[in-house]
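**Q** Attaching a single structure in structure tokens format; questions to follow.
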Amino acid sequence: MRINVTVNGRQYSSDVEPRMLLVHYLRDVLGLTGTHIGCETGVCGACTVLLNGEAVKSCMLFAVQVDGQEITTIEGISQDGQLHPVQQGFWEKHGLQCGYCTPGMILASIQLLKRNPNPTEEEIRHALVGNLCRCTGYQQIVEAVQWAAQKMRGEI
Amino acid sequence: MPKLVGQSFKRVEDPRLITGEGQYVDDIQLPRMCYAAILRSPYPHARIKNIDTSKAEKREGVVAVITGKDILGKINPLPCAARPVPELKMPTHYALAVNKVYFVGHPIAVVVAEDRYIARDALDLIEVDYEPLPPVADPEQALRSDAPIIHEDLGTNLAFEWKIEGGDVDAAFAQAEVVVKQEFVNQRLIPVPMEPRCVVAQWDAGKQILTLWTSTQIPHLVRSLISGMLNLPETHLRVIAPDVGGGFGQKLQVYVEEALMGYLAMKLDRPVKWTETRRENFMASIHGRDQVGVMELALKRDGTILGLRYDVIADMGAYYQLLTPAIPTLTGLMLCGSYKIPAVRMTKKAVFTNKMSTDAYRGAGRPEATFLLERMMDLAAKELGIDPAEIRRKNFIQPDEFPYTTPHGITYDSGNYEAALNRALELAEYSRWRKEQEEARKQGRYIGIGISSYVEICGMGPSKAMPAGGWESATVRIEPSGKVVVLTGAHPHGQGEETSFTQIVVEELGVNPEDVMVIHGDTEAVQYGIGIFGSRGLAVGGTAVYMAAQKVKEKARKVAAFLLGVEENEVEQVDGNFISKSDPSKSVTLLQVANAAYDPKNYPTDMEPGLVATAFYEPSNFTFPSGTHVCVCEVDIETGEVKILKYVAVDDCGKVVNPMLVEGQIIGGIVQAFGQAMMERCFYDENGQLITGELTDYPIPKAHNSPKITVERIETPSPVNPLGAKGVGEAGTIGATPAFINAVCDALEPLGVKHIDMPLTPANVWKAIKQAKGS
Ligand code: FES
Ligand code: FES
């Protein structure tokens, strides 16, 4: 089936099998391998991307379902070589170790901060419940998101 | 140049990882690449009567199908590196099952297809005729005389027996005024790195070189073992471990899939990729822990420990992986913990069952030891009516007693156990919580405080005490432009050694951090190395980098002396410059030295051109990080739910290169231990079926239910290496489990609960309360 998708601001038109998962489309067809796969069952959040600005798990969608829509992946969030504040926060606060969960974590955090620019620790922890990290124990991820929130509010 | 060692320097690996530009194995795409999928046994124990692959082979898009019979004599069995006793029973571990399957997930056949969907489809077309056999899931049952024998050629399910002893244990127990005894289960766990395993293999028919990209902690050891399995000269196999998405021991392995993909790439002359599904990761990548044993502690009434014995059965699973038999022996080495215990004995039976192999999972053998001993300390304290902090203090090895040798011959390097305990109690507000606990109890609320004072054996290790070499290698190469390349055998997978090694080199050579490039994980680029596990990255790998930097600096000093026209001992290094001591106006930069070394005009004849040095560091001993953790919790006795109110960790990992990285390791490790303590259990039913086969059935800590940790450090440098570093990768996982369990058991003491086996799920806690009330 032919689909037309905008990914990170670029238009793509591709022929895909109806059963191809969105995550495989992004990784294997478009070569955007920053979106990772940790389970393929919607549990780990490693495959999180933004669909029309909303965080979704790209292993739970078929590529054909996003025809005509807009996707943002980790590769598309820095502007003109300038890191997104959430990316900066993860770097500043040691919010990652192996980095495998990180793209998904960052996109889920961006979504959170869009809804709630000043989240409490509790709110951050609840917002990230769909994203698993086995390395960090989450504490520095929470600090990273807090740092980004401050930055986005212009306080740092 | 500001000092970098000791600073929380931001990680150099992060820019690529936060932008999605990291490269994990599954990100590799090669022209003409095909995809493999693996058919795995649904039975824990069965005879394979027939395999019919014809339908799968005919499926459009299928490139090849292979079974165990096809590769007999072509892929040699997978070796195991550990042999704790010579009479150990060694099952033959073929890459694919030949006549029998031994566990759920046992690989039977591989399909290679044009895309991953077709490969998975074709698995359904393979017809296997199984004759199910009675399985043995329980290790105690495996030892019964009527138990089915798993490896018929070995004639027994007893893999080996092992014993370690020091001091007069029987006399200690004869003299004891009190003996405390408890049965403990260290449950089976699944490591769950977020990146499942993945292998890409490519055959260069021209050069006859096989390249294997694999998600591993130990690329060189993979090369050694896989070249043996494939009968390839080691020089014709290149192993690359690019970014690795967490290991935790699960990737401290050589796996049959690595040999299979290598074989297929050569046979088909096409690149082949295999990506493990999460379900496969749960079934067929190594598990951890799985010990059931009884511990006894002999004491005087005043709390002085006289002796300790531990009798245990350790579940090996169906086969050995790389280090399987060695893991429970590490428990034995650390049984004395932080205490002066004059007599100790461990007896162990290692057993085969119809399950996936156990092996090194973060902490590997030492979390078991800490858990047992620190639970015993609390049980003894309660029995004797002594405060749990006091009984620990009473038995601690004192700071002036290092190096301290345990009765079974382990020599601890350095430490100050009481200082860590005191600081942890202070930070946790121990006395205040004791009062609060008393008040709460009056109101029918159950608060508990748990202490764990641990010591671990790390910086693995002296080669004579390791299954393979225990050294590490590094090359420091200053290029003609003055830029520095570091080639390290210590290939990290999340710990951040690209950063800490950069810090070491910057400190030693006075260059800018941007001028240092750390390269690892490629056997063609890097001299033979061992890898990262056993908290050895910095203590062993970092030391090798430090030594290579020293060597190259010596060479640079020689060149500088020549350029300055002074004697070598006249040259002083200040930051990146070399200065004449007697005439400080005379100086050359490192860049000038590098230029001269690579363009050696008028060079002294006895001096080699170039500016590069390699060091192999062989540690003289292990290192022994230590610390005390304190957990405060409240238990809801109606629901069995446990709420962590406070968690304090005071750790001593020796000297620190990057405090931020250390903190990350400690917190991550503690939360992983929290997983074992509170929620994780890899569960096979009595029929050998893996019940916890997906992330939905095997919960790991999430952001909302992970405790918040207060971290502090004390520092006693290790005398073992020049960095004074002890290692920190496993500290949290080793130190923390008993703190959680001690806290919960302390909370429930008034109800008569003595001990609860991990994990302390609400259901398990509730059951324990109910049982205690009933009795
Ligand atoms: S890969 Fe999509 S949620 Fe795990
Ligand atoms: S950083 Fe490794 S899984 Fe999150």
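The values are calculated or read from the model by the stated rules, or taken from the named source; none is laboratory data. These numbers were taken from a predicted model, which means no experiment stands behind them. Cβ coordinates were reconstructed from backbone atoms using ideal geometry, including for glycine residues, and neighbour counts include every protein chain displayed. Keep in mind that these areas ignore ligands, DNA and RNA; they rest on the heavy atoms of the full protein, side chains included. Shrake-Rupley method; radii C 1.70, N 1.55, O 1.52, S 1.80 Å.
**Q** List every residue whose amide H lies under 5 Å from the amide H of B:Ser414, counting only residues 5 or more places away in sequence or on a different chain, with H placed 1.01 Å from N in the peptide plane.
**A** B:Phe624
**Q** I need the phi-derived Karplus couplings for the stretch B:534-543: 6.51 cos²θ - 1.76 cosθ + 1.60, θ = phi - 60°, integer Hz, Gly and Pro marked x.
**A** x, 6, 10, x, 7, 4, 9, x, x, 5
**Q** Moving on to the next point. What is the log10 of I(q)/I(0) for the stretch A:13-156, computed with the Debye formula using one identical point scatterer on each Cα and no solvent, at q = 0.13, 0.14, 0.15 Å⁻¹?
**A** One equal scatterer on each Cα of the stretch A:13-156 leads to -0.54, -0.62, -0.71.
**Q** Note down the relative contact order for chain B as a percent, whole number, built from C-alpha pairs under 8 angstrom at least six residues apart.
**A** Relative contact order comes out at 15 percent.
**Q** Right, here's the next one. Provide the percentage of antiparallel DSSP beta bridges, counting only those with both residues in the stretch B:463-617; round to the nearest 5.
**A** Here the antiparallel bridges make up roughly 80 percent for the stretch B:463-617.
**Q** With charges only on Cβ, +1 for K and R and -1 for D and E, what is the dipole size of the protein assembly as shown about its Cα centre, in debye, rounded to 20?
**A** Computed charge dipole of the protein assembly as shown: roughly 580 debye.
**Q** Could you tell me which trypsin sites (Lys or Arg not before Pro) in the stretch B:559-628 are loop residues by DSSP with no more than 11 other beta carbons within 10 angstrom of their beta carbon?
**A** B:Lys601
**Q** Let me ask something else about it. B:Glu572 versus B:Val185, label points 7 Å from Cα toward the beta carbon: distance in nm?
**A** It is 6.7 nm.
**Q** Further question: What is the Å³ per residue value for the convex hull set by the Cα atoms of the protein assembly as shown?
**A** Given the Cα convex hull of the protein assembly as shown, per-residue volume reads 187 Å³.
**Q** So, one more: Based on the Cβ-Cβ distance from B:Asn602 to B:Ile519, what FRET efficiency comes out when R0 is 25 Å, to the nearest 0.05?
**A** 0.15
**Q** If r is the Cβ-Cβ distance from B:Glu57 to A:Gln11 and R0 is 45 Å, what FRET efficiency results, to the nearest 0.05?
**A** The calculated FRET efficiency here is 0.65.
**Q** While we're on this one: Once each part is reduced to its C-alpha centroid, what is the distance from the stretch B:302-367 to the stretch B:1-53 in angstrom?
**A** If you average the Cα positions of each part, the centres end up 30 Å apart.
**Q** I would also like to ask the following. Extending each Cα 7 Å along its Cβ direction at A:Glu122 and B:Arg32, get the distance between those two points in nm, one decimal.
**A** 6.1
**Q** Please state the relative contact order of the stretch B:480-528 as a whole percent: Cα pairs under 8 Å, 6+ residues apart?
**A** So the answer I get is 53 percent.
**Q** Extension gain B:Glu641-B:Ala763, at 0.36 nm per residue separation less the Cα-Cα distance, in nm?
**A** 43.1 nm
**Q** Pop out the ³J(HN,Hα) list for the stretch B:671-684 in order, Karplus 6.51 cos²θ - 1.76 cosθ + 1.60 with θ = phi - 60°, rounded to Hz; leave Gly and Pro as x.
**A** Once θ is set to phi - 60°, the couplings for the stretch B:671-684 become 5, 5, 5, 4, x, 5, 5, 10, 9, 8, 7, 7, 10, 9 Hz.
**Q** So which trypsin sites (Lys or Arg not before Pro) in the stretch B:670-775 end up in coil per DSSP with only 16 or fewer other C-beta atoms within 10 Å?
**A** Qualifying residues, ordered by number: B:Lys708, B:Lys754.
**Q** Next question, about the same structure. If each residue of separation counts as 0.36 nm, what is the full-extension length gain between B:Lys267 and B:Glu715 once their alpha-carbon separation is subtracted?
**A** Length difference between fully extended and current span is 155.8 nm.
**Q** For the pairs B:Lys163/B:Lys300; B:Lys655/B:Lys708; B:Lys74/B:Lys273; B:Lys89/B:Lys181; B:Lys348/B:Lys754, flag any whose C-alpha to C-alpha distance is greater than 22 Å.
**A** Beyond 22 Å: B:Lys163/B:Lys300; B:Lys655/B:Lys708; B:Lys89/B:Lys181; B:Lys348/B:Lys754.
**Q** I've got another one for you. Take the cross-link list B:Lys3/B:Lys586; A:Lys93/B:Lys3; B:Lys553/B:Lys586 and give me the ones stretching past 28 Å between alpha-carbons.
**A** Among B:Lys3/B:Lys586; A:Lys93/B:Lys3; B:Lys553/B:Lys586, the Cα-Cα distance tops 28 Å for no pair.
**Q** Sorted from largest to smallest, which semi-axis lengths in Å does the alpha carbon gyration tensor of the stretch B:463-617 give for its equivalent ellipsoid, taking the root of 5 times each eigenvalue?
**A** Computed over the stretch B:463-617, the values are 31, 15, 14 Å.
**Q** One-quarter of the Cα convex hull surface for the stretch B:425-495, in nm²?
**A** 10.3
**Q** Which cross-chain or sequence-distant (5 or more) residues have an amide H under 5 Å from the amide H of B:Val63, H modelled 1.01 Å from N in plane?
**A** Counting only residues 5 or more places away or on other chains, the set is B:Val112, B:Ala113, B:Glu114.
**Q** Still on this structure, please answer the following. I'd like the trypsin sites (Lys or Arg not before Pro) in the stretch B:13-122 restricted to DSSP loop residues with at most 15 other Cβ atoms within 10 Å, sorted by number.
**A** Within the stretch B:13-122, the qualifying trypsin sites (Lys or Arg not before Pro) (loop, at most 15 other Cβ atoms within 10 Å) are B:Arg32, B:Lys74.
**Q** To continue, here is another question. Using a 1.4 angstrom probe, figure out how much accessible area the stretch A:2-76 has per residue, in square angstrom, rounded to the nearest whole.
**A** 37
**Q** Starting from the Cα of A:Asp67, step 7 Å toward the Cβ, then list every residue of the stretch A:20-51 with an amide N under 16 Å from that point.
**A** Residues passing the 16 Å test: A:20-22.
**Q** Continuing with the same structure: Between B:Leu158 and A:Asp80, take the C-beta separation as r, use R0 = 60 Å, and let me know the FRET efficiency to the nearest 0.05.
**A** Taking R0 as 60 Å, the efficiency between B:Leu158 and A:Asp80 is 0.35.
**Q** Quick one: which residues, 5+ away or cross-chain, put their amide H under 5 Å from the amide H of B:Leu308? H built at 1.01 Å from N.
**A** Long-range HN contacts for B:Leu308: B:Ala298, B:Ala343, B:Val344, B:Arg345.
**Q** For chain B, what is the mean residue ellipticity at 222 nm derived from helices alone (per DSSP H run of n ≥ 4: -39500 (n - 2.57); sum divided by total residues; nearest 500 deg cm²/dmol)?
**A** When only DSSP H runs of four or more count, the value is -8500 deg cm²/dmol.
**Q** Over the stretch A:85-152, with every protein chain in place, what whole percent of the accessible area is carbon and sulfur at 1.4 Å, could you tell me?
**A** On the stretch A:85-152, the fraction of accessible area on carbon and sulfur atoms equals 49 percent.
**Q** For all pairs of alpha-carbon atoms in chain B, what percent lies in each bin of width 10 Å, listed from the first bin to the last filled one?
**A** In order of increasing distance, the bins hold 3, 13, 22, 24, 19, 12, 6, 2, 0, 0 percent.
**Q** Right, something else. Applying the Karplus parametrisation 6.51 cos²θ - 1.76 cosθ + 1.60 with θ = phi - 60° to the phi angles of the stretch B:106-122, what ³J(HN,Hα) value in whole Hz is obtained for each residue in order, glycine and proline being reported as x?
**A** Rounded to whole hertz, the list is 4, x, 10, 8, 10, 10, 10, 9, 5, 9, 5, 5, 5, 4, 5, 4, 5.
**Q** Right, another one. Within 10 Å of each Cβ of A:67-75, how many other protein chain Cβ atoms are there on average?
**A** 1
**Q** Under 8 Å for C-alpha pairs, at least 6 residues apart: give me the relative contact order for chain A, rounded to a whole percent.
**A** Relative contact order of chain A: 24 percent.
**Q** Using a 1.4 Å probe on the protein heavy atoms, what percent of the accessible area of the stretch B:463-617 belongs to carbon and sulfur?
**A** C and S fraction of accessible area: 51 percent.
**Q** Two-decimal Rg/Rh of the stretch A:85-152 from alpha-carbon positions, Kirkwood Rh?
**A** 0.90
**Q** Taking only the Cα atoms of the stretch A:2-76, how large is their convex hull per residue, in Å³?
**A** 72
**Q** What accessible area, summed over both chains, is buried at the A-B interface (1.4 Å probe, Å², nearest 100)?
**A** The contact between B and A buries close to 4500 Å².
**Q** Grab the DSSP H runs of chain A that are 4 residues or longer, score each as -39,500 (n - 2.57), total them, divide by all residues and round the 222 nm result to the nearest 500 deg cm²/dmol.
**A** Calculated mean residue ellipticity at 222 nm is -8500 deg cm²/dmol.
**Q** Once the piece of chain linking B:Arg301 and B:Ile149 is laid out straight, how much longer is it, given 0.36 nm per residue of separation minus the C-alpha distance between them?
**A** Gain on extension, B:Arg301 to B:Ile149, equals 50.0 nm.
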